[in-house]
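The values are calculated or read from the model by the stated rules, or taken from the named source; none is laboratory data. It should be emphasised that the depicted structure is a prediction, and the values quoted were computed from it without experimental measurement. Here the Cβ is made from the backbone with ideal geometry for all residues, glycine too, and neighbour counts use every protein chain on show. Ligands, DNA and RNA are stripped out before the accessible areas are found, and what is left, the full protein with its side chains, is counted by its heavy atoms. Shrake-Rupley method; radii C 1.70, N 1.55, O 1.52, S 1.80 Å.
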Amino acid sequence: MSHSNVDIVLINPGDRKQVYQGLGAELAAVEPPFWVAVIASYLRNAGFTVALIDANAENIAPSEVAERVSSLAPLLAAIIVYGSQPSASTQNMPAAERICTAIKDGTTARVAIGGLHPSALPEHTILTTDADYVIEGEGPLTLSSLLRVLKSPAPDLASVPGLWYRGSDESVHHTLPAPLINDLDTMLPTAAWDLLPMEKYRAHNWHCFDDIEHRSPYGAIYTSLGCPFNCVFCCINAPFGKPGIRYRSPQRVLEEVDILVNRYGVKNLKIVDELFVLDERHYLTITDLLIQRGYGLNIWAYARVDTVNPAHLERMKRAGINWLALGIESANPAVRDGAAKKMRVTDITRTVRTIQAAGIRVIGNYIFGLPDDTLETMQETLDMATELNCEFANFYCAMAYPGSKLYEIALAHGWQLPESWSGYSQHAYDCRPLPSNHLAAADILKFRDDAFHRYFANPTYLEMVETEFGLRVRSHIEAMSASRLRRKLIGD
């Protein structure tokens, strides 16, 4: 085998122009690919030489990625398709596929593709992309084993766990999945931040409403993997094979925060966990360690309405947790239950007001077009969002993301799915949500887009924002909601 300069190049794919239409330029966050950087660190610790290309942050074309890969002459190029939320994995597939083809055409490297979407649909991915290998599952164990095999005189791919590949006759082969990572502190070492273009990352606009000028530098870390819940619209557990949650130790998490703050000057931090506010021993220990450090960070994290304990909010605020993202999804309990949300909740409004009273801002996440949604129940959700008047809100359409229960249901019922992976992006021109039991996809998409504009143009909302954050932020929001997304499905 030819000698390579590095053993592996890890690639974070992305195409902000396609995914966000005009929003990519200024409004969208550019998040560091924590998972890719963790895999890089794990492989480096295992003795391999590693390079990393963040095509998303650098906004470079597939041909440029291939040129860089060619100059590094790796044994293996691995495209890791994650995203800043689970849905973003599928919407990043078109960019990942183009990068894969460019590397195959322009270099001698073998190409692997892994991440959430390829793990959800491994056979489809090996059949429809130019990748030599598909990584099913979390990735670190599979990639280290694959590299060892590729370096051996007689490579035996059948010994690599979690691998899909084509045989000499083009038949598809796959091995048993790799075991799930148990010891997160060993297997999820401190990310290889030194391999990332740290100056390119920036926080969400709303995350920095208190200081809109300073969205960079930006860090994003996991303190746990997975989620114990099993909502039908979510695909987060696809790489893990089952619901469940595993934790990094709070001490390891703080070592990572120390590096981000002291070496890279990070002030804005996202805790990427699907559900940070869950196990009190875990998140309160992290909270107390952050208070001891006194870094004055601006942090956001995910919680559920029914996991927030009012007794701990003041401590969380002192630690720098300034925003909690709540998955409210739907105002209608029957619609929520149909989505297997299993939310033990009596009063969403009271929870939101209690969080706000502690000085923590709330970003409400709502979904239109869940299976039991009607125009009336979607209106209920919009009315609730308007009444809650959270400091920010995300409005989504229900999507059958590969790896989610909804995807299996949609296939079983023959419901029309997006024609391409980009159609799974909430902001894309060719976005196509699922129909509900009562509504067509076009009606749901139109309702979602109208809801977005009604919420952000609402005088009550704009006055609240101006009072809390100043005129600058109000103007920013007015500019944001002035441009409507173009949508193929609703004919504009």
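Could you please let me know if residue 166 is farther than 27 Å from residue 41 by Cβ, out of contact with any Lys or Arg (no Cβ under 9 Å at 6 or more places or on another chain) and surrounded by 14 or more Cβ atoms within 10 Å (Cβ to Cβ)?
Numbers: farther than 27 Å from residue 41 by Cβ: yes; out of contact with any Lys or Arg (no Cβ under 9 Å at 6 or more places or on another chain): yes; surrounded by 14 or more Cβ atoms within 10 Å (Cβ to Cβ): yes.
Yes; evaluated as a whole, the condition is true for this residue.
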Residues to consider are 221, 113, 212, 181; find the one that is farther than 14 Å from residue 38 by Cβ and touching a Lys or Arg at 6+ places or on another chain (Cβ under 9 Å). 212
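Report yes if residue 191 is assigned to a strand (DSSP E or B), in contact (Cβ under 8 Å) with a residue 12 or more places away in the chain and within 21 Å of residue 256 (Cβ to Cβ), otherwise no. Steps first, please.
Values: assigned to a strand (DSSP E or B): no; in contact (Cβ under 8 Å) with a residue 12 or more places away in the chain: yes; within 21 Å of residue 256 (Cβ to Cβ): yes.
Here the answer is no, as residue 191 does not meet what is asked.
Name the single residue, out of those in the range 252-304 being of a type in the set (S, T, N, Q) and over 20 Å from residue 213 (Cβ atoms), that is surrounded by the most Cβ atoms within 10 Å (Cβ to Cβ).
287
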With criteria (1) β-branched (Val, Ile, Thr); (2) crowded, with 21+ Cβ neighbours inside 10 Å; (3) assigned to a strand (DSSP E or B), residue 355 comes up short on (3)
Tell me which of these residue 321 doesn't satisfy, since it passes every other one: (1) β-branched (Val, Ile, Thr); (2) crowded, with 23+ Cβ neighbours inside 10 Å; (3) under 24 Å from residue 215 (Cα atoms); (4) in contact with a Gly (Cβ under 9 Å, 6 or more places away or on another chain). (4)
Could you check the range 426-463 and list, in sequence order, the residues that are under 23 Å from residue 372 (Cβ atoms), in contact (Cβ under 8 Å) with a residue 24 or more places away in the chain and among the hydrophobic types (A, V, I, L, M, F, W, C)? 431, 434, 439, 441, 442, 444, 445, 447, 451, 452
Could you give every pair whose Cβ atoms fall below 7 Å, whose first residue belongs to the range 359-382 and is on the phi > 0 side of the Ramachandran plot, and whose second residue is open to solvent by less than 10 Å² (accessible area, probe 1.4 Å), counting only separations of at least 6 or pairs across chains? 369/397; 369/398; 369/433; 369/434; 369/444
